[in-house]
Amino acid sequence: MPRDPEQGGEGQRCAIYTRKSSEEGLEQDFNSLDAQFEACLAYIASQKQEGWVAVAERFDDGGYSGGSTRRPALRALMEAVEAGRVDIIVVYKVDRLTRNLSDFARLVEVFDRKGVSFVSVTQQFNTTTSMGRLTLNVLLSFAQFEREVTAERIRDKIAASKKRGMWMGGSVPLGYDHLERKLVINAAEAETVRLIYRRYLELGSVRSLKQDLTRSGIVSKRRISQGGKVSGGKAFERGALYHILKSRIYLGAITHKGTTHPGQHEAIIDQALYDAVQAKLAESNRGHKTGTRAQEPSLLKGMLSDAKGLPLTASHASKGGRRYRYYVASKGSPLNRGPQPLRLPAAEVEGAVKSALLAFLSDPLAINDRLGLGLDSYACEEQRSGFEGLAETLSGTDWPGLVATVRLEHSRLEVTLDQAALVAAVKSYDTLPSALFDQAKPRTLTISQPIKLDARSQEVLVIAPPGAPAARPIDPALLKAVARAHCWREMITSGKVTELEQIARHEGLYPRYLRRILNLAFLAPDIVEAVLRGDASPTLLQQELQQGIPLDWSTQRKAFDPLENPA
């Protein structure tokens with residue numbers, strides 16, 4: 001526990017942590033970080049009689065998102081905690097420390113182990129009590145909800161801007177320069193783009209085109225970041241060429257989620273040339289599907305196993321001139337439900353893995369959170385089109401190179417990705433910053449895809465929903481009820497009201513109904529998270545209004561677990 005000042009020594013050593021998500025305004029003499037620091041310093045001074053003393057070192061993170069813990073000042077703060085140099089951590093608001101519940105839980109675990117208290121100037125809580133932890137978890141649930149709402153608002157803004165034909169940032173495409181937030185044609189690079197289109201029609205394959213450009217010394221666009229880091233200026237990779245050949249931006253158009261809008265920039269190529277290239281690409285793709293590719297080994301050979309780690313072996317059978325590929329479970333596999341080994345149609349398994357991979361690659365927010373890239377919501381949205389283009393490029397025959405292992409169970413697939421291959425794919429893709437993944441944390445990461453094994457005689461189909469796993473739509477009535485409950489609870493605990501009847505009169509509600517709704521303020525934090533995601537049990541609000549809910553969290557989880565009580 002923190003040092004008792006009556007025992008002598010330095011008193012309660014207080015470290016002030018401040019954070020601001022964007023760099024805007026940080027160049028000012030007195031910025032947001034300074035304002036937070038002054039407020040925290042004044043609060044520490046008010047606790048002087050308790051022996052509180054601010055440490056000399058400042059812990060300021062300017063321009064870092066609260067969605068990740070990869071922040072230099074936070075890292076320095078945790079090192080000070082581990083070294084025993086801090087007794088109390090003071091922040092202006094709880095979400096300055098983190099907006100992520102799982103990160104918060106890990107930080108509080110370290111604080112408890114080292115006997116460090118945590119104080120918010122505007123929301124005074126003590127994390128050494130269970131009620132303090134509950135309140136902080138609730139606040140962080142809504143902070144995380146606010147972050148997701150902010151991301152949605154940014155997506156809506158970007159969608160509206162693209163509908164007007166505006167270029168919304170990201171890596172400037174080959175053929176253009178960036179001037180006053182608009183794309184203007186770079187004459188020399190524009191000629192390179194036209195050459196790429198013409199030579200592809202002449203050569204007939206992207207592989208031959210890559211070799212031809214390399215021989216001619218034609219390289220990708222050279223870029224210099226705001227930090228002075230140089231990227232590009234190297235031989236084209238196939239992924240980058242596919243993107244250039246498919247990009248409608250060279251027609252003077254802006255694409256957003258599959259819809260094309262007239263752009264505010266000039267076109268580099270005409271519609272006839274673009275259409276001819278698309279027809280050639282489509283013809284080449286059909287050739288891959290019906291030609292030699294069908295004779296290649298199974299894509300997941302050596303990668304696929306069951307929940308016990310037993311491998312599924314690749315097999316095939318021929319009938320009527322057609323070749324049928326399968327993955328066969330091992331003897332003793334939990335996948336086997338009968339005397340015969342389970343046979344999975346290879347195309348179905350590979351399709352489910354591919355679906356999970358491409359859905360993940362198309363979601364920059366998920367990539368940012370899973371890899372700890374430290375991007376804020378706006379930066380993630382700026383890179384969305386690049387990641388979606390990368391996923392589209394990899395959707396041909398290149399995606400298996402990113403997969404390390406696949407674990408198959410009756411209800412889901414777990415796909416472990418090879419980060420080295422993922423970084424190589426990003427860096428070879430000309431529309432994404434080459435240094436984007438340089439600070440990624442894990443060397444591998446696992447993504448999950450829900451599936452259903454449907455036995456039909458000796459065959460089993462793997463049925464995977466398209467894209468990411470679909471969640472239930474968020475229940476607006478339940479979400480509103482939980483939000484109101486926490487608002488009313490805060491009014492009571494802060495002393496703004498002394499009787500429930502005051503709130504009931506103000507809201508125009510019956511006191512009995514208000515008491516029922518107020519109980520939702522005591523839901524377990526993970527159930528609150530499920531409410532925000534739309535995964536909560538659909539019976540939760542109805543049961544609370546009719547019967548009441550238990551206050552014990554473990555009992556709540558048993559009653560309202562969406563997996564145990566599906567809609």
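Can you work out the FRET efficiency for the pair ARG164 and GLN49, with r the C-beta to C-beta distance and R0 = 51 Å, to the nearest 0.05?
Here the calculated transfer efficiency is 0.30.
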- Note on the structure: Reduced to Cα centres, the span from region 155-198 to region 207-261 in Å works out to 11
- Just list whichever of LYS280/LYS319; LYS93/LYS163; LYS210/LYS246; LYS20/LYS157; LYS20/LYS354 have alpha carbons separated by over 26 Å in the model shown. LYS280/LYS319; LYS93/LYS163; LYS20/LYS354
- Using only Cα atoms, locate the centre of region 68-95 and the centre of region 9-34, then give the distance between them in Å, rounded to an integer. 12
- Query: ³J(HN,Hα) across region 202-216 via Karplus (A = 6.51, B = -1.76, C = 1.60, θ = phi - 60°), whole Hz, x for Gly/Pro?
  - Reply: 6, 8, x, 8, 5, 4, 5, 4, 4, 5, 5, 5, 5, 4, 7
- Mind checking the per residue accessible area of region 191-287 for me, 1.4 Å probe, whole number of Å²? 53
- Message: Taking amide H atoms as placed 1.01 Å from N in the peptide plane, list the residues 5 or more away in sequence, or in a different chain, whose amide H sits under 5 Å from that of GLY67.
- Response: ARG99
- Item | Gain in span if fully extended, VAL219 to HIS506, counting 0.36 nm per residue against the direct Cα distance | 96.5 nm
- Note on the structure: Listed by chain and number, the residues whose amide H is under 5 Å from that of ILE254, excluding neighbours fewer than 5 places away on the same chain and using placed H, are HIS261, GLY263
- Query: What FRET efficiency do you get for GLU202 and ARG70 if R0 is 60 Å and r is their Cβ-Cβ distance, rounded to the nearest 0.05?
  - Reply: 0.80
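What is the gain in length, in nm to one decimal, between ALA188 and THR493 on full extension, counting 0.36 nm per residue of separation less the C-alpha to C-alpha distance?
Using 0.36 nm per residue and subtracting the Cα-Cα distance, I get 103.1 nm.
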- Can you list residues whose amide H is under 5 Å from TRP52's amide H, if they're 5+ apart or on another chain and H is modeled 1.01 Å from N? GLN12
- Task: For region 140-224, build the charge dipole from Cβ charges (+1 Lys, Arg; -1 Asp, Glu) around the Cα centre, then report which of LEU203, THR150, LEU179 sits farthest towards its positive end.
- Result: LEU203
- Query: If R0 is 56 Å, what FRET efficiency do you get for THR122 and LYS331 from their C-beta distance, rounded to 0.05?
  - Reply: 0.35
- Item | Charge tally in the Cβ shell below 14 Å around GLN211, where Lys, Arg are +1 and Asp, Glu are -1, GLN211 excluded | +2
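The values are calculated or read from the model by the stated rules, or taken from the named source; none is laboratory data. Quantities reported herein were computed from a predicted structural model and do not represent experimental measurements. Every residue, glycine as well, gets a Cβ built from its backbone with ideal geometry; the counts of neighbours run over all protein chains shown. When the accessible area is computed, the model is the full protein with side chains, heavy atoms only, and any ligands, DNA or RNA have been set aside. Shrake-Rupley method; radii C 1.70, N 1.55, O 1.52, S 1.80 Å.
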